[in-house]
Ligand code: HBI
């Protein structure tokens, strides 16, 4: 039994309109975004900051890193899909990039 509410189609559309950099999976199970940094150390520093956000939110990304590239997928396992937690973490990640 999912413990977190999955976004409705309308909620999802409204939320993703504010996150144009993030791509919705074909099955709507999650959102993804790639990031490219000048080098590995910069990429890892970004991942470290995201890790602290994730731990504070108790909501963790699925991600991979190759040198300066970081690929992040956000989905809510406890909802078997996209929840408000994914949207909130994506927004916090976007703020990291802005500073
Ligand atoms: N992270 N992406 C994601 N999805 C979850 O359902 C989730 C999580 N981090 C911690 C967490 N759930 C806890 O609530 C426990 O369910 C593990």
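For the chain, the longest principal axis of the Cα atoms and the long axis of helix 40-57 meet at an angle of about 30 degrees. Translational diffusion coefficient of the range 14-64 at 4 °C, 1.567 mPa s, Stokes-Einstein with Kirkwood Rh over Cα pairs, in µm²/s as a whole number. D = 103 µm²/s.
Based on the alpha-carbon set only, what is the convex hull volume of the range 54-99 divided per residue, in Å³?
79 Å³
For the range 1-27, the residues whose backbone nitrogen is under 15 Å from a point 7 Å from the Cα of residue 77, taken along Cα to Cβ, are 1-4. In whole angstrom, the chain maps to an equivalent ellipsoid with semi-axes of 23, 14, 12, each derived as √(5λ) from the alpha carbon gyration tensor and ordered largest first.
The length gained on full extension between residue 97 and residue 55, counted as 0.36 nm times the residue separation minus their Cα-Cα distance, comes to 13.3 nm.
Just so you know, all these numbers are worked out from the coordinates, no wet-lab data involved. These numbers were taken from a predicted model, which means no experiment stands behind them. So basically every Cβ, Gly included, is an ideal-geometry build from the backbone, and we count neighbours across all protein chains shown.
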